[in-house]
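*Asks:* Below are the C-alpha cells for one structure; questions will follow.
The values are calculated or read from the model by the stated rules, or taken from the named source; none is laboratory data. Keep in mind the model is a prediction, meaning the values are calculated, not measured. Note: ideal-geometry Cβ built from the backbone for every residue, glycine included; neighbour counts use all protein chains shown.
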Amino acid sequence: METLKKYYTIGCCGIDCGLCPRFHTKGGSVCPGCGGLNFKEKHPACGFVTCCVIKNGLEVCSDCKDYPCYRFDSERKGYDSFVTHKKVFPNLEYIKNNGIKSFIEQQNERRDILIDFISKYDDGRSKSFFCISCALLPLNKLQETHRFIDRLTDSSVIKEKNKRLKDKLQMIAENLKIDLKLNNKK
C-alpha cells in the first residue's frame, strides 16, 4: 500500500500532523499522518482527504479554487479542543503564498526540535505539551529555547530538565498570549 499524498505530515486541512502526539505514538494508536500509510483505516471518514486528495488530486485545501469551503466552518468558530487547529488558516495561507516546499522546510525544523524535546526531556507525561508548543509557538522562539535547553550540561535528572524546559516554553507562550491548553467547547 502507498501513501495518498506526497506530504503526509501536512494535513489537507492545514494541521501539521508531524507535530501531533498521535504521530509520535508507539503502537497501534499511531497516526500515519494525512494520507499516510493505512490512513483510510485510521480515518475512514475524513471529508478533507476525500475532497482534496481523492476527488481533486490536490495536496492541501488552499490549492483548491473553492478554499475555504464549508468544511472549515468548525475551524472558523474556534471551539475545537484540538489546539493545533488554531494554525489551520495561517498554515494554509503560508502554503498558498509561499508554496508547500517552503512550508515543509519550516515545519521540518519544528519537528526536529520536537523530536529532540521528546527524546531527551519527556518525563512520560509531556509529549502532548511539547507537541502543542512546537505547533503554536514561533519558530525563532523554539530555536532559542532549544539552544537554551541543550546548553544545560549539568547533571540534572530528566524531571528537573523537563520542568525547566516546560517553564521556559510556558513563559514564552504567556508573553505572547498564546494558550497552550486544550480549549473547552462552548
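*Asks:* In the list 133, 119, 128, which residue meets the criterion of being part of a helix (DSSP H, G or I), under 18 Å from the mean Cα position of the chain (by Cα) and loosely packed, with under 15 Cβ neighbours inside 10 Å?
*Replies:* 119
*Asks:* Within the stretch 1-48, take every residue that is touching a strand residue (DSSP E or B) at 6+ places or on another chain (Cβ under 7 Å) and in a loop (DSSP other than H, G, I, E, B) and give me the one that is nearest to residue 70 (Cα to Cα).
*Replies:* Top of the filtered list is 34.
*Asks:* State yes or no: is residue 170 closer than 14 Å to residue 16 by Cα and either under 19 Å from the mean Cα position of the chain (by Cα) or modelled with pLDDT of 90 or more (or both)?
*Replies:* No.
*Asks:* Here is a follow-up. I'd like to verify a number: residues in the stretch 51-74 that are in a helix (DSSP H, G or I), surrounded by 16 or more Cβ atoms within 10 Å (Cβ to Cβ) and charged (D, E, K, R), how many?
*Replies:* Residues flagged as in a helix (DSSP H, G or I), surrounded by 16 or more Cβ atoms within 10 Å (Cβ to Cβ) and charged (D, E, K, R) within the stretch 51-74 amount to 2.
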